[in-house]
1. With only alpha-carbon pairs counted, each pair once and no self-pairs, how large is the Kirkwood hydrodynamic radius of region 51-142 in angstroms?
2. With a 1.4 Å probe and all protein chains left in place, how much of the accessible area of region 1-120 comes from carbon and sulfur atoms, in whole percent?
3. Would you kindly give the portion of the calculated P(r) for region 104-146 that falls above 16 Å, as a percent of all Cα pairs?
4. For residue 36, list the lysines whose Cα falls under 18 Å from its own Cα; do not include residues on the same chain fewer than 8 positions away.
5. Hey, what do the phi angles of region 62-77 turn into as Karplus ³J(HN,Hα) couplings, whole Hz, using 6.51/-1.76/1.60 and θ = phi - 60°, x for Gly and Pro?
6. So which trypsin sites (Lys or Arg not before Pro) in region 23-52 end up in coil per DSSP with only 16 or fewer other C-beta atoms within 10 Å?
7. Which of 87, 62, 107 moves most in a GNM of the chain, Cα contacts under 10 Å?
8. Work through the residues other than residue 73 whose Cβ is under 13 Å from its Cβ and net out their charges, Lys, Arg +1 and Asp, Glu -1.
Amino acid sequence: MKEISLIIHSKGALGLRFFGLGPNLNPTNGLRKLQKLLETNAFWAKSRTINDLKKCLANSDVVISLWVGNEIVGFGRALTDGVYRGVLWDIVIDQNHQGKGFGTLIVNNLLSSKKIKNTKKLYLMTTNKKLFYSQFDFKEVTSQKLLIREI
């Protein structure tokens, strides 16, 4: 059985962004593997370029990746002001590894991270995983409207 590695990256995921580092700080072409994970497993993350991924990682407060051997099978990130508001983004588990507790592992680590754990209100958007996120006390809000501006 291949080793499972959870990586809690430093702010901005420098090693992943510039060197493609994976488990044990080994170069694994990690950024390209992340791009493929998102492309293959998240309809909303298709066509993300390597340059755009580098920018989004650089500006993320918390970045977590999950690996089986040298293959990335899970990912999640968060942005926050550290006090009032935060948002969980891009939580993805490879479809071949769902149902193994990997999503729970990533969300628990995001929520317990130093930057997020004391944030008063956390937001996240989901298309079809409302039940999954309810176990972490996320609730559907009908008193607010989601507004989007796209460029």
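1. 13.8 Å
2. Details: 3330 of 6410 Å².
In region 1-120, the share of accessible area belonging to carbon and sulfur is 52 percent.
3. 41 percent
4. Output for residue 36: 46, 54, 55.
5. Computed from phi, the couplings for region 62-77 are 9, 9, 10, 10, 10, 10, 10, x, 9, 10, 6, 10, x, 7, x, 8 Hz.
6. Of the trypsin sites (Lys or Arg not before Pro), the ones in loops of region 23-52 whose Cβ has at most 16 other Cβ atoms within 10 Å are 46, 48.
7. For the chain, modelled as a Gaussian network with Cα springs under 10 Å, the answer is 87.
8. Working: positive: 2, 33, 36, 100; negative: 3, 71, 94.
So the surrounding residues net to +1.
The values are calculated or read from the model by the stated rules, or taken from the named source; none is laboratory data. Since we're looking at a predicted model, the values are computed, not measured. Cβ sites come from the backbone with ideal geometry, for glycine too, and all protein chains shown count toward neighbours. Remember, those area values only see protein heavy atoms, side chains included, never the ligands or the DNA or RNA. Shrake-Rupley method; radii C 1.70, N 1.55, O 1.52, S 1.80 Å.
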